Amino acid sequence: MIAVLKPGTTDRQIENLSEWLKNQGLGVHISKGSIHTVIGLIGDTAKIDEELLESLEMVESVKRISEPFKSANRKFHPDDTVIQIGNTTVGGGSLTVMAGPCSVESEEQVLEIAHAVKAAGATMLRGGAFKPRTSPYDFQGLKAEGIEFLLEAKKETGLPIVTEIMNANHLSLFENVDIIQVGARNMQNFELLKELGRTQKPILLKRGLANTIKELLMSAEYIMAGGNENVILCERGIRTFETYTRNTLDLSAIPLLHELSHLPVIVDPSHATGVARLVKPMAMAAVACGADGLMIEVHNDPAHALCDGAQSLKPEAFADVIAAVKAVRSTCSED
Ligand code: PEP
Ligand code: MN
């Protein structure tokens, strides 16, 4: 349920109203928009007397929220969520570009790529230290040492870093990581999501291979229900019957997620297609559909990459993608 307050409602009135609601056993989420303040009620709202609430002088309207996701719902929070990371922001009109290797392979590799992607226009460095691989015989990542190398690259380039967590027991290793990624395979690892909900770290939540948009939003809700509202959604393709591509990029998820939720939406055209030459057209399409950012795999030597070489771009090709994406953005904003 949400209560939209009349313009001009004072902080004192908002505080009194939320105390009254909390005393009825409800969680209260306050969103101050440019004109209206919206109070979102979380929990069993069946016992709330809707007419009584609506009759209060400061209340303009009361609506029940039928969707099972509440904190992630745009009705609770009409303005876009903007997440501050270092001196950059994610969401609310900026274009975040996370780029880097699928996996961190050595200190030299990650430093070279970090400098190259920064020069090409990336705003963040990605790189997997803990790798979820289909085969247990494949490279599993450099783990703690990989995070050290990323931190070194952050120090040298100033780029914030994003890297994947697979086990909540590793959380202490992520202290200086700027964004913690939850990979597609862990989107419904609810214990991990709850643990991340107890932190204040920005979380990049990737859509599962076979998960619906509603399930993605419910997973975001798990993190937010714990008190961490810094969630970034990521569309990275879903599994379909198509075999020319690794997955099928669900472009409609971008405007739909923006309609349903206030959280930023990032698109990963690398894992969505699995094919390096398809990354540019899909990145352009994602930006035209309103994506708040992109996550792109870049490698200095894709042919010898330890993971996902076929979908990785060389730095020059990545620079070309950035130029194309910027052109799309300026064309779209002219309308
Ligand atoms: C990744 O970004 O490194 C990754 C493993 O992606 P996904 O979880 O989307 O497969
Ligand atoms: Mn990868």
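The table below gives the values:
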read-out	value
Cα-based reach from K326 at 14 Å (exclusive), listing aspartates and glutamates while leaving out same-chain residues under 8 positions away	D292, E334
Highest-first arrangement of 70-78, 312-320, 16-24, where packing means the average Cβ count within 10 Å	70-78, 312-320, 16-24
Net dipole in debye of the chain [+1 Lys, Arg Cβ; -1 Asp, Glu Cβ; about Cα centre; nearest 20]	360
From the C-alpha gyration tensor of region 40-113, square roots of 5λ in Å	45, 15, 9
Estimated vicinal HN-Hα couplings, Hz - region 123-133 in sequence order (Karplus 6.51, -1.76, 1.60; Gly, Pro = x)	9, 8, 9, 10, x, x, 9, 9, 10, x, 9
Helix 276-288 axis, angle to the chain major axis (alpha carbon atoms, nearest 10°)	20
Long-range Cα-Cα pairs in region 209-252 (distance over 11 Å), rounded percent	69
Phi-based couplings in Hz for region 191-199 (Karplus 6.51, -1.76, 1.60; Gly and Pro marked x)	5, 5, 4, 5, 4, 5, x, 8, 9
Region 157-241: translational diffusion in µm²/s, Stokes-Einstein, Kirkwood Rh over Cα pairs, 20 °C, 1.002 mPa s	167
log₁₀ of I(q)/I(0) at q = 0.10, 0.14, 0.19 Å⁻¹ - region 177-335, Debye sum with one point per alpha carbon	-0.36, -0.71, -1.20
Heavy-atom accessible surface of the chain: percent carbon and sulfur, 1.4 Å	52
Overall Cα dimensions of region 2-63, principal axis frame, Å, largest first	29, 19, 17
Global size of region 72-160 as Cα Rg and Dmax, reported in angstrom	15.7, 47
5 angstrom amide H check on S103, placed H, neighbours 5+ away	G128, C307
Lys, Arg +1 and Asp, Glu -1 on Cβ, resulting dipole of region 195-335 about Cα centre, debye, nearest 20	200
Across K143/K206; K155/K206; K131/K214; K47/K70; K32/K154; K75/K201, pairs whose alpha-carbon gap is larger than 28 Å	K32/K154
Cysteines without a disulfide-compatible partner [the chain; Cβ-Cβ under 4.7 Å]	C234, C289, C332
Percent of Cα pairs exceeding the 24 Å cut-off, where the set is the chain	56
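The values are calculated or read from the model by the stated rules, or taken from the named source; none is laboratory data. Remember, it's a predicted structure, so these values are computed and weren't measured experimentally. Cβ: placed from backbone, ideal geometry, glycine included. Neighbour counts: every protein chain shown. Heavy atoms of the whole protein, side chains included, go into the accessibility calculation; ligands, DNA and RNA do not. Shrake-Rupley method; radii C 1.70, N 1.55, O 1.52, S 1.80 Å.
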